[in-house]
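First up is the structure itself, then whatever we jot down about it.
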Amino acid sequence: MLIDVVLVVATLVFRGLGALGVRRFTRWPVAAAHGLAVMLVLTASAHFVPAGVTVMPNHADMVRIVPPFVPYADAMVYLTGVLELLGALGLVLTATRWAAGWSLAALFVTLLPANIYEAVEQISFANGEATPLWQRIPEQVVYIAVAVWAARSARTPSAAPQRELVETH
């Protein structure tokens with residue numbers, strides 16, 4: 001639930017900056033892309049946190065939610081953490097937002113079995129309660145939707161390259 005708050009608050013802050021005149025954030029999809037990037041940096045950090053840390057999800061928590069049919073759970077947790085960080089970076093760069101958004105949507109779909117496994121097996125994170133399945137799936141759908149929204153609002157790779165670093169619409 002905290003992750004959802006981070007996504008919403010970060011998006012509102014970026015859009016607020018747009019309302020105050022920061023041209024980059026004058027469009028909702030761009031603000032949402034940056035909000036999702038902030039959320040991803042937070043979620044990706046859990047993939048690398050040592051097991052002794054209990055105030056937030058840690059690497060051991062993440063390994064526990066990998067379904068048994070996925071090989072090399074430990075390596076997969078590190079890999080998905082790196083992919084989340086790369087996705088976050090890709091979202092904030094105008095030139096890569098299209099690819100990052102679609103890639104993250106695919107990653108979120110790929111991660112869905114782990115989230116379902118975590119909910120069904122009631123695996124808790126950071127000594128807290130497990131997220132119920134009725135909450136887990138809609139959250140994942142929201143993340144997919146935001147990633148697709150960011151991707152669809154960006155220029156496609158076939159569009160003429162633009163030299164500006166600032167969003168123009």
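Kindly provide the helix-only [θ] at 222 nm of the chain, computed as the sum of -39,500 (n - 2.57) over DSSP H runs of four or more divided by all residues, to the nearest 500 deg cm²/dmol? Each step should come with its number before you reach the end.
On the way: 6 runs with 107 residues, N = 169.
Computed ellipticity for the chain at 222 nm equals -21500 deg cm²/dmol.
Ranked from the most accessible area to the least, with a 1.4 Å probe and all protein chains present, what is the order of F125, F108?
Numbers: F125 45, F108 5 Å².
The ranking, largest first, comes out as F125, F108.
Tell me which chymotrypsin sites (Phe, Trp or Tyr not before Pro) from region 47-106 have a DSSP coil assignment and no more than 11 other beta carbons within 10 Å of their own.
Passing sites in region 47-106 are F69, Y72.
Show me, bin by bin at 10 Å from 0, the whole-percent P(r) of region 27-104 based on Cα pairs.
20, 42, 28, 10, 0
If I take all pairs of Cα atoms in the chain, what percentage of them are more than 23 Å from each other?
Details: 5721 of 14196 pairs.
Every Cα pair in the chain considered, those over 23 Å come to 40 percent.
Take every Cα-Cα distance within region 63-122, group them into 5 Å bins from 0 onward, and report for each bin the whole-number percent of pairs it holds.
Pairs per bin, as whole percents: 4, 19, 24, 21, 15, 10, 6, 1, 0.
Taking 8 Å as the Cα distance limit and 6 or more residues as the minimum spacing, I'd like the relative contact order of region 1-142 as a percentage. Walk me through the numbers before you get to the answer.
On the way: 178 pairs, mean separation 28.5, N = 142.
Worked out over region 1-142, it gives 20 percent.
Hey, with R₀ at 22 Å, roughly what FRET efficiency would V13 and Q140 work out to, going by the Cβ-Cβ distance, to 0.05?
Between V13 and Q140 the formula returns 0.40.
At 7 Å along the Cα-to-beta-carbon direction for both V109 and E121, put a label point, then send me their distance in nm to one decimal.
Once both label points are built, they end up 2.4 nm from each other.
Please list the non-local residues whose amide H lies under 5 Å from the amide H of A154, H modeled 1.01 Å from N, same-chain partners needing a gap of 5 or more.
For A154, whose amide H was placed from the backbone, there are no distant partners under 5 Å.
The values are calculated or read from the model by the stated rules, or taken from the named source; none is laboratory data. What you see is a predicted model; the values in this text were computed from it and never measured. Positions of Cβ are backbone-derived with ideal geometry, glycine not excepted, and every protein chain shown enters the neighbour counts. All accessible areas refer to the heavy atoms of the entire protein, side chains included, with ligands and DNA or RNA removed. Shrake-Rupley method; radii C 1.70, N 1.55, O 1.52, S 1.80 Å.
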